[in-house]
Amino acid sequence: MISAARARWLACDSTVSRVVMGPDGQLLDLGRTHRVVPPHLRRAVEIRDRHCAFAGCDAPSHWCDVHHVLEWLAHDGDTSLENSALLCERHHTKVHHGFRVERQPDGRWRTWRPDDTEIVVFPLASDGVELTRTG
């Protein structure tokens, strides 16, 4: 047991993080204490997303980085499953230049351009060309 004064002194130089663990006991939410995504969290993101989360991209998970949806440095985003998205190098670069991805409550990803128009992808046309629309 420690005194209240000692507890305040210890708290002065510490950080507090919530801990969220998966069913196998692995941490799925590291809060703000770690920026780099550890391997077990990356695996959880890969299982959930399966491929690049950017609209119309099906780049496999092994081509992708784990992106902080709410940026870690600029917007105090957590290193967590909830705040992570798989993005291929091309789309990760686009997101850092004004594009945005957001995960909906139903689990679907939506993508917006810098001018706030949504990128909507339709099934392939009969000639094999992917159709997109703004809106």
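The values are calculated or read from the model by the stated rules, or taken from the named source; none is laboratory data. Predicted model, so just to flag it, every value in this text is computed and none were measured. Reconstructed Cβ throughout: ideal geometry from the backbone, glycine too, with neighbour counts over all protein chains shown.
Remarks
- Residue list for the stretch 92-135, filter: polar (S, T, N, Q), under 18 Å from residue 51 (Cβ atoms) and modelled with pLDDT under 90: 132
- Set 55, 85: member being over 9 Å from the mean Cα position of the chain (by Cα) and not basic (Lys, Arg): 55
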